């Protein structure tokens with residue numbers, strides 16, 4: 001079994017928002033130019049939380065927070 005790496009992008013103007021969707025969207029061109037694999041690594045925690053059923057809403061979550069959901 002291989003581990004999937006995560007990349008955490010901290011929103012500097014917030015109180016704990018990590019991997020904020022709107023920040024990932026705005027930084028997309030930078031990561032496409034540097035290394036597109038980082039985009040997958042940034043979105044993977046969000047997808048894992050959604051897949052695990054820890055986000056009960058039909059829309060995507062805004063960010064993974066500062067430990068609100070717990071990735072286990």
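The values are calculated or read from the model by the stated rules, or taken from the named source; none is laboratory data. These numbers were taken from a predicted model, which means no experiment stands behind them. Every residue, glycine among them, receives a Cβ derived from its backbone with ideal geometry; neighbour counts consider all protein chains shown.
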> Restricting the search to the range 7-40, which residues are free of Cβ contacts under 8 Å to residues at least 40 places away in the same chain, crowded, with 16+ Cβ neighbours inside 10 Å and not in a helix (DSSP H, G or I)?
Replying inline: 7, 9
> Which residue pairs have Cβ atoms closer than 9 Å, lie 6 or more positions apart in sequence or on different chains, and pair a first residue in the range 44-72 that is on the phi > 0 side of the Ramachandran plot and surrounded by fewer than 12 Cβ atoms within 10 Å (Cβ to Cβ) with a second residue that is modelled with pLDDT under 85 and part of a loop (DSSP other than H, G, I, E, B)?
Replying inline: 67/16; 70/54
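Have a look at 31, 41, 8 and point out the one that is in contact with a helix residue (DSSP H, G or I) (Cβ under 6 Å, 6 or more places away or on another chain) and modelled with pLDDT of 85 or more.
31
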